[in-house]
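Enquirer: Can you read through this structure? Questions will come right after.
What follows draws every value from the coordinates through simple rules; no lab data is involved. Since the model is a prediction, treat every value here as computed from it, not as a measurement. Methodologically, a virtual Cβ is constructed for each residue, glycine included, from the backbone with ideal geometry; neighbour enumeration extends over all protein chains shown.
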Amino acid sequence: MTTGPDLPPSPLTRGDVILVVGWLVLAAFTALAGPTTERDGPLRLVIEIDNGRHSQAPLSVEDRPVHQITIEGPIGPTVLEVGAGRARILSAPCRQQICRLSGWLSEPGDLAVCVPNRLVLRVAGRKVGHTDSERIDGVTR
């Protein structure tokens, strides 16, 4: 009985190829669809409560004068001040008040978090007339 030459084992199995292709498809989808949803549209405040409930408040200057929004969280009410292109936490029921000290949120990507009250405030969208190149905050050589 003759046997063929011993071939080295294949470095990739069929399962490896499926896994790699799956990761590539997921990476392409994330790169194309993910980031554009947060950056598109008018400037707005995204409010997330207790890791699930979402609401949004417009931050464009033309909308309304500065007004207050009260959000009920697990440990009590948090009062937000929203308008004129910015937002902040005016008062919070938490002990350390770190969220309140975050100050005014006005630029896309700005964030304030109240961990004890499970509240996340995030500015999303794009300021009218601003492009990403105008947001460069430093140059290195």
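Enquirer: Dividing the convex hull volume of the Cα atoms of the range 41-127 by its residue count, what figure in Å³ per residue is obtained? Write out the running numbers ahead of the final one.
Expert: Values: hull volume 6.7 nm³, N = 87.
Once divided by residue count, the hull of the range 41-127 is 77 Å³.
Enquirer: Sticking with this one: Give me the one-decimal nm value for the distance between modelled label points at Trp23 and Val79, 7 Å along each residue's Cα-to-Cβ direction.
Expert: 5.1
Enquirer: Enumerate the amide H contacts of Gly76 below 5 Å, restricted to partners 5 or more residues apart or on another chain; note that Pro and chain-start residues carry no placed amide H.
Expert: Counting only residues 5 or more places away or on other chains, the set is empty.
Enquirer: State the extension gain, in nm to one decimal, for the chain segment bounded by Gln96 and Val115, taking 0.36 nm per residue of separation less the distance between their alpha-carbons. Mind showing how you got there, number by number?
Expert: On the way: separation 19, 0.36 × 19 = 6.84 nm, distance 1.03 nm.
So the chain would gain 5.8 nm between Gln96 and Val115.
Enquirer: Calculate the FRET efficiency for Thr140 and Ala31 from the Cβ-Cβ distance with a Förster distance of 25 Å, rounded to the nearest 0.05.
Expert: About 0.50, to the nearest 0.05.
Enquirer: A further question on this structure: For the range 41-127, give the magnitude of the charge dipole about the Cα centre (Cβ charges: +1 Lys/Arg, -1 Asp/Glu; no others), in debye to the nearest 20.
Expert: That gives a dipole near 120 debye.
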